[in-house]
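Written out below as structure tokens is the structure these notes cover.
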Amino acid sequence: MQSIDRIAEFADELTAIRQDFHRHPELGFEEHRTSARVAELLQEWGIEVTRGVGGTGVVGVLDGKQPGRTIGLRADMDALPMDEQTNLPYASSNPGVFHGCGHDGHTTMLLGAARYLAETRDFTGRAVFIFQPAEEGLGGARAMLRDGLFERFPCDELYGMHNSPYSEHAELRIRAGKAQAGAGFFDIEIKGRGSHGAMPQVSRDPIVIGSGLVKDMQEIVSRNTDPTHAAVVSVTEFHAGSAYNVIPESAVLRGTFRYFDDADGAMIEARIRQLCAGLALAHEIEISADIRNVFDVLSNDPERVGNLIEVAQELLGDKAQANAELTMGSEDMADLLREVPGAFFNLGHGGTVPLHNPGFVFDDSILPVGASLLARLVEKRGRA
């Protein structure tokens, strides 16, 4: 097939681009170098570029040879706030920042598709290349939407992908309908009364109160959620104290909850607030809860999933299947798919270390495959 053959010819250049991004990772809304490089390459290939969409986002627009439908393709650009432990020659040069989720690969695959389509322009309609900042819990998709993303760059369909070290190389998996969980984050501060560790009777011990809150929050799902609904509440941080013999004045709890039904998400938030208020009253202390929705439930349009599988099977054969399991992981492509019908899929590669692990290694051999898939979606769906 022309697209994959041509993209394979410049696969080494894509690898160099990806490894350069990897060496210079940037956190959400700080992707200044990354977005500048993306814009530079798009302009070099003759693509119209708009910078600064939603902060550090970049949008490229390319028209085909004939009018038709507009197909949006999206990739995320941000890295994670964690140290890398891969010992790769192109490892992160930015301490405490690491492309441990493979967004450098997503950006590069979309660039590969853009280069090919700009070279050939052998498609009908328009391609909109969306390079999104701040996917990792900072609301990059919502920032682009607030900046008028789809009013300024209307799309008829929208597609995106995530790399997967959990699947075989070039194995594509997707699920129609609800596919990835919605998510909320919470920060809870317990303001008690500190004392000497040997005199707890004059304290309002925030550690004991916080420990009870952690236990009570574990019962939200088991005793308040329909057993047929998937949901989870996890306290992932508990900070308090600084000495062996001091009961601290305060404690901080942080964590996340996930859900597939918006009503369940609202219920979980309400129950957390109720538990905090009840414990504050019972112990005569103050408890504040900052709870915020971070990701919507990601739902893939069934018709667009069918279109995607049809295109993907041309390239991958039976390795492309719409049989993915539900996942409690979240993804802010969900916000974009609420505005434009589309599909978000996982593409397997040869990596063996999990995402968000300090030893994660992205398999560069998947770059031309992902780029070809994205390019082919424009070629096929633009004339649909």
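The values are calculated or read from the model by the stated rules, or taken from the named source; none is laboratory data. For clarity, every value in this text was computed on a predicted model and none was experimentally measured. As a convention, Cβ positions derive from the backbone with ideal geometry for all residues, glycine included, and neighbour counts pool all protein chains shown. The area values use the complete protein model at the heavy-atom level, side chains included, leaving out ligands, DNA and RNA. Shrake-Rupley method; radii C 1.70, N 1.55, O 1.52, S 1.80 Å.
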| Taking the condition out of contact with any helix residue (DSSP H, G or I) (no Cβ under 9 Å at 6 or more places or on another chain) and outside any strand (DSSP E or B), does Leu275 pass? | no
| Out of (1) out of contact with any Gly (no Cβ under 7 Å at 6 or more places or on another chain); (2) at negative phi, the odd one out for Leu14 is which? | (1)
| Out of (1) within 17 Å of Ala114 (Cβ to Cβ); (2) not aromatic (Phe, Trp, Tyr); (3) not in a loop (DSSP other than H, G, I, E, B), the odd one out for Gly46 is which? | (3)
| Could you say whether any residue in region 102-116 is touching an Asp or Glu at 6+ places or on another chain (Cβ under 9 Å), open to solvent by 10 Å² or more (accessible area, probe 1.4 Å) and part of a helix (DSSP H, G or I)? | yes
| task | Output yes when any residue across region 126-142 is open to solvent by 20 Å² or more (accessible area, probe 1.4 Å), modelled with pLDDT of 95 or more, more than 30 Å from Gln19 (Cα to Cα) and not aliphatic (A, V, I, L, M), and no when none is. | result | no
| Residue check for Leu80: open to solvent by less than 40 Å² (accessible area, probe 1.4 Å) and in contact with a helix residue (DSSP H, G or I) (Cβ under 8 Å, 6 or more places away or on another chain) | no
| query | On the given criteria, is Leu73 under 30 Å from Pro354 (Cβ atoms), open to solvent by less than 10 Å² (accessible area, probe 1.4 Å) and outside any loop (DSSP other than H, G, I, E, B)? | reply | yes
| message | It is to be established whether one or more residues within region 88-103 are of a type outside the set (S, T, N, Q) and either modelled with pLDDT under 95 or closer than 21 Å to Leu308 by Cβ (or both). | response | yes
| message | Can you say whether Asp187 is closer than 20 Å to Ala334 by Cα and open to solvent by 20 Å² or more (accessible area, probe 1.4 Å), as far as the supplied structure shows? | response | no
| Boolean, Arg33 is part of a helix (DSSP H, G or I), buried (at least 19 other Cβ atoms within 10 Å of the Cβ) and either without any contact (Cβ under 8 Å) to a residue 24 or more places away in the chain or not polar (S, T, N, Q) (or both) | no
| said: Just the residues that are among the small types (Gly, Ala, Ser), part of a strand (DSSP E or B) and either under 11 Å from Val38 (Cα atoms) or in contact with a Phe, Trp or Tyr (Cβ under 6 Å, 6 or more places away or on another chain) (or both), please, taken from region 51-65. | reply: Gly57, Gly60
| Does Ser234 satisfy the condition of being among the small types (Gly, Ala, Ser), open to solvent by less than 50 Å² (accessible area, probe 1.4 Å) and either farther than 15 Å from Asp290 by Cα or modelled with pLDDT of 95 or more (or both)? | yes
| Is it the case that Asn346 is under 18 Å from the mean Cα position of the chain (by Cα), farther than 22 Å from Asp20 by Cα, open to solvent by 40 Å² or more (accessible area, probe 1.4 Å) and modelled with pLDDT of 95 or more? | yes
